[in-house]
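Some notes on the structure that comes next.
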Amino acid sequence: MTRTAISRRCWLTRSAAAAAALYADSIYAGRLLAADSDVREYAPLNRAPRMVQEYMVREVRKYEHRLIQRQANLDTKAAAEAYVRRVRAKIDASFGPWPERTPLNPQITGVVQRDGYRIENLIFESRPKFFVTGNLYLPKQQHAGPAVVGVCGHSPNGKAWPTYQSFAQGLVRQGYVVLIFDPIGQGERLQLPDEHLKSRIYPGTGEHLSVGNQQSLVGEFFGAWRAWDGMRALDYLLTREEVDQRHLGVTGSSGGGTMSTWLAGVDRRFTMAAPSSFLTTFRRNLENEYASDSEQCPPRAIALGLDEVDFLAAMAPNPCVILGQEQDAFDIRGTIEAHQRLKHIYTLLGAPDAAELFVGPGPHGYSQDAREAMYACFNRASGLDHSATEPPIKLEDEQTLRCTKSGQVVELKSRPVYSFTHETADKLASTRSAVSGEALKQVVRDILRLPDRKHVPGYRILRAQRARGYPRSFVSIFAVETEPGIQAFVYRPTAAISYSRPPRAKSRAVLYVAHDSSDAELRNEPLLKELLADPERAIYTCDVRGLGESRPNTCGENQYASHYGSDYMYAAYSNMLDRPYAGRRTHDVLAVIDWITSFGHADLHLVGKGYGAIPAAFAALLHPAVAQVTLKQPLDSYQAIASAELYKWPLSAFIPGVLKHFDLPDIYRALKAKGLRLIEPLDSGTKPK
């Protein structure tokens, strides 16, 4: 079963339960906004639903164009070899550093004898007390044979899924030693099991996103954790006398296609690779609004100048075959483009035929014809004189392939991923130096990757209108261009209608950064009503990128806040671009403050709520015009999320590696000098403390 067939189908059929498990009571669920009947009388204002999408596409295209030019300019073998070395260094920068290789402590918990081969049910520790369950397929032959690490896609039962059993059996019947193991959060390796040994959210993609997004706070990458399991699986294979260490392959489909691609790039011991139903280009996925799992979005990868196919370039000129499908959601156009670029590098290295491409006619998945293309590639690479036709497959039941008695490693007291994240967060909290004053401001600028602001931003004056149930009768609306292609929408409620720019005034101004929507919050937010009760105050509200007026309509109908929704996708791409989404939203607030103060306001009271409180807090720290700060229902700390088993805040609120440098309480302490008022701070589950 494939990612589309499993994870998306499972998600769609269980959408209500899934949403309740991961996002219920979250800030996106609207629980922080009063349930006012007045809100339902107005359709949401959404003037720029494609703004963030088109901005992101333009930025990713810029990096892709530069990469294609660099590859096209390679014209000698030496240049291609230098490119491969650079790619390897960039991959290491994105994925590393790697942990210490600790004892595997392997256990064989059962043996299944079959005609021509046997299956050993295996458990090993890829990290201390972090157990991996797998099936080792061993041919009945007297000599050592080539070996393959098999990585699974998003199947709920991992290694026991029919497609993955099929390629394991197909390989072992041709003389290969195959180790196929359960991914984290699948099969026997649930990270969040309940008392019935079922996932408390849902297996596969749900657990991946939950633990992966959380890991980003401590500077970890879930894809590297997944890859480390595969590297340790190869370590184990190399301990077996049945393995010919000259020929080592990796293959898998969908999520397994992801991991076989990454493993080909990070572990130079692999001599052949066959990723299926994954490899396209980062640009094609983004253009097609196809969000990817945590492990499929390597940190800083795009900014470093990498694309997916570079992970195969890193193993050049070793043989590989890219396996795609015509009807796949992973765009086959990108697959073909990626292969052409890879072929150019292999040709310069003197091995044009070692970079193969197979395109099947069907949908997403590891079809039999794709598996046979993999067998043919591996047979040529290993020197095996076998037909690539897949032999008859007789699938095993899940119980036969089980490595633990209960079916879950929790019985072995296996540590869940979140416990490692909690431990790392605690270590960082105890060892990082206290930072304050100008040093704190500089580290915030650095970690948010804030661009320079050299000019007061330009803006558009949009059609003023009568208020939609707001405390004041009219509202002027401005689109402030915070960077090319991005506008922050600013409202100025007024007593009389105005179509002009804001009047110059020495009075104090208030800027309210919306949690979800200025339009909705002007009707139902008590704090805003309190501020607007004073007719002398110049009140502005702001929707930063991706909220309110520019809330995206991408990634499917009503999928903005879902686990594969647009808010998640843009946050993930922002991390690959090395531009944290929270940082870009902070830049929006800073630019709007520049704009407001250009009209003569001497100082500013900056107010933020919920989701808007995070960029408001950072902007208040950094902008000298801010004299007073009020934050309502802000996140109390990133430490709280990193220490939780389950949490409700989205990836777009996180900053990669933030806990290596500071936490939100450091910001709040610094803001006391500006009269900070904290109202109902929220914990990791969006409950008032």
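The values are calculated or read from the model by the stated rules, or taken from the named source; none is laboratory data. It should be emphasised that the depicted structure is a prediction, and the values quoted were computed from it without experimental measurement. As a convention, Cβ positions derive from the backbone with ideal geometry for all residues, glycine included, and neighbour counts pool all protein chains shown. Accessible surface is based on the protein model in full, side chains and every heavy atom, while ligands, DNA and RNA are left aside. Shrake-Rupley method; radii C 1.70, N 1.55, O 1.52, S 1.80 Å.
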Q. Just going by the charge dipole of the chain, with Lys and Arg at +1 and Asp and Glu at -1 on Cβ, which of Ser254, Ser382, Ile614 is farthest out on the positive end?
A. Ile614
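What is the Cα convex hull volume of the range 594-668 when expressed per residue in Å³? Don't jump to the answer; show the numbers that get you there.
Working: hull volume 7.3 nm³, N = 75.
In the range 594-668, the Cα convex hull volume per residue is 97 Å³.
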Q. Using just the C-alpha positions of the range 384-536 as equal point scatterers, what log10 of I(q)/I(0) does the Debye formula give at each q in 0.08, 0.13, 0.16 1/Å?
A. -0.58, -0.86, -1.07
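What translational diffusion coefficient, to the nearest whole µm²/s, does the range 176-278 have by Stokes-Einstein, given a Kirkwood radius computed over alpha-carbon pairs, a temperature of 10 °C and 1.306 mPa s viscosity? Present the calculation step by step, with values, prior to reporting the outcome.
On the way: Rh = 14.8 Å.
For the chosen part, D equals 108 µm²/s.
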Q. For the modelled label position 7 Å from the Cα of Arg50 along Cα-to-Cβ, which residues of the range 281-301 have backbone nitrogen atoms closer than 18 Å?
A. 284-290
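If you take every residue apart from Gly223 with its C-beta less than 9 Å away from the C-beta of Gly223, what net charge results, scoring Lys and Arg +1 and Asp and Glu -1?
Net charge in that neighbourhood comes out at -1.
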(Q) Please compute the Kirkwood hydrodynamic radius over the range 354-414, one decimal place, Å, based on all pairs of different Cα atoms. (A) 14.9 Å
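For the range 466-590, with every protein chain kept in place, what is the accessible area per residue (1.4 Å probe, Å²)?
Details: 3790 Å² over 125 residues.
That works out to 30 Å² for each residue.
Given a Förster distance of 56 angstrom, what is the FRET efficiency for Ala673 paired with Tyr42, based on the Cβ-Cβ distance and rounded to 0.05? Each step should come with its number before you reach the end.
Numbers: r = 39 Å, r/R0 = 0.70.
After rounding, the FRET efficiency stands at 0.90.
Past 18 Å, Cα to Cα: identify those pairs from Lys632/Lys674; Lys198/Lys648; Lys198/Lys405; Lys529/Lys632; Lys529/Lys672, in the order given.
Working: Lys632/Lys674 16 Å; Lys198/Lys648 20 Å; Lys198/Lys405 15 Å; Lys529/Lys632 14 Å; Lys529/Lys672 24 Å.
Cα-Cα > 18 Å for Lys198/Lys648; Lys529/Lys672; rest within.
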Q | Cα Rg, Dmax (largest Cα-Cα span) when computed across the range 111-244, Å | A | 15.6, 50
Q: Calculate the length of the line joining the C-alpha centroid of the range 358-421 to that of the range 500-574, in whole Å.
A: 48 Å
Q. What is the gain in length, in nm to one decimal, between Tyr290 and Lys529 on full extension, counting 0.36 nm per residue of separation less the C-alpha to C-alpha distance?
A. 82.1 nm
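Find the relative contact order for the range 160-310 and round it to a whole percent, using C-alpha pairs within less than 8 Å whose residues are 6+ positions apart. Write out the running numbers ahead of the final one.
Numbers: 159 pairs, mean separation 28.5, N = 151.
Rounded, it is 19 percent for the range 160-310.
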(Q) With the alpha-carbon atoms as the only input, what is the per residue convex hull volume for the chain in Å³? (A) 151 Å³
**Q.** Label-point gap, in nm, between Lys454 and Ser419 - each point 7 angstrom along Cα→Cβ
**A.** 5.3 nm
Q | For the range 491-590, alpha-carbon Rg and Dmax in angstrom | A | 16.3, 46
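Once the convex hull of the alpha carbons of the range 288-393 is built, what does its volume come to per residue, in cubic angstrom? Display every interim value, and only then the final one.
Values: hull volume 13.7 nm³, N = 106.
So the per-residue Cα hull volume is 129 Å³.
Quick one: with all protein chains in place, what share of the accessible area of the range 306-460 is carbon or sulfur, to the nearest percent (1.4 Å probe)? Don't skip to the answer; put the middle values down first.
Numbers: 3770 of 7370 Å².
Ligands and nucleic acids excluded, carbon and sulfur give 51 percent.
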Q. What is the diffusion coefficient of the range 401-484 in µm²/s, taking the Kirkwood radius over Cα pairs and the Stokes-Einstein relation at 4 °C with a viscosity of 1.567 mPa s?
A. 66 µm²/s
Q) How high is the FRET efficiency from Arg472 to Lys687, r the C-beta distance, R0 51 Å, rounded to 0.05? A) 0.95
Q. Just from its helices, what would the mean residue ellipticity at 222 nm be for the chain, if runs of 4 or more DSSP H residues each count -39500 (n - 2.57) and the sum is divided by every residue, rounded to the nearest 500 deg cm²/dmol?
A. -10500 deg cm²/dmol
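Ratio of alpha-carbon Rg to the 2.2 N^0.38 Å globular estimate for the range 485-524, to two decimals, please. Before the final figure, lay out each step's value.
Working: Rg = 12.1 Å, N = 40, 2.2 N^0.38 = 8.9 Å.
Compared with the compact-globule rule of thumb, the range 485-524 sits at 1.35.
What Kirkwood hydrodynamic radius, in Å, does the range 240-313 give when the mean of 1/r is taken over all pairs of distinct Cα atoms and then inverted?
Working: mean 1/r = 0.0758 Å⁻¹.
Result for the range 240-313 stands at 13.2 Å.
For Cα pairs less than 8 Å apart in space and 6+ apart in sequence, what is the mean separation divided by the residue count of the chain, i.e. the relative contact order in percent? Let's see the in-between values first.
Working: 1462 pairs, mean separation 110.8, N = 689.
In percent, rounded to a whole number, it is 16.
Is there a quick way to get the dipole size of the range 558-613? I mean about its Cα centre, with the Cβ of Lys and Arg at +1 and of Asp and Glu at -1; what is the value in debye to the nearest 20? Each step should come with its number before you reach the end.
Details: 4 positive and 5 negative charges, 26 e Å.
Here the size comes out at about 120 debye.
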Q) For the range 331-377, what is the largest minus smallest coordinate of the Cα atoms on each principal axis, given in angstrom and ordered from greatest to least? A) 33, 24, 11
Q. Using a basic spin-label model with each label point 7 Å from the Cα along Cα→Cβ, how many nm lie between Asp235 and Ile108?
A. 2.1 nm
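Using alpha-carbon pairs under 8 Å, 6+ residues apart, how would you state the relative contact order of the range 134-206 in percent? Before the final figure, lay out each step's value.
Details: 119 pairs, mean separation 26.6, N = 73.
Relative contact order, the range 134-206: 36 percent.
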Q: Within the set of other residues whose C-beta is less than 11 Å from the C-beta of Arg380, count the net charge using Lys and Arg as +1 and Asp and Glu as -1.
A: -3
**Q.** Cα centroid separation, the range 639-667 to the range 203-221 (Å)
**A.** 12 Å
(Q) Need one number: % antiparallel among DSSP beta bridges in the chain, to the nearest 5. (A) 50 percent
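Tell me, Kirkwood radius of the range 553-684 from alpha-carbon pair distances, in Å?
On the way: mean 1/r = 0.0639 Å⁻¹.
Value: 15.6 Å, from the Cα pair sum.
Taking a quarter of the surface of the Cα convex hull of the range 551-630, what do you get in nm²?
Details: hull surface 24.6 nm².
If you wrap the Cα atoms of the range 551-630 in a convex hull and average its projections, you get 6.2 nm².
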Q.
Starting from the 7 Å offset along Cα-to-Cβ, what nm value, one decimal, do you get for the label separation of Glu481 and Tyr499?
A. 2.2 nm
Q | Column: log10 I(q)/I(0), Debye, Cα scatterers of the range 323-455, q = 0.09, 0.19 Å⁻¹ | A | -0.70, -1.09
Q) Tell me, which longest segment in the chain has none of the GluC sites (Glu not before Pro) that fall in DSSP loops with at most 10 further Cβ atoms within 10 Å? A) 242-535
Q. Around Pro162, what is the net charge, scoring Lys/Arg as +1 and Asp/Glu as -1 over all other residues with Cβ under 14 Å from its Cβ?
A. -1
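How large is the dipole of the range 231-312 about the Cα centre if only Lys and Arg carry +1 and Asp and Glu carry -1, each at its Cβ, rounded to the nearest 20 debye?
Details: 8 positive and 12 negative charges, 35 e Å.
Its charge dipole is roughly 160 debye.
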Q. Is the range 496-544 best put as rounded, prolate or oblate by its Cα gyration tensor, with a ≥ b ≥ c the root eigenvalues, rounded for a/c under 1.5, and otherwise prolate when a/b is larger than b/c, oblate when not?
A. prolate
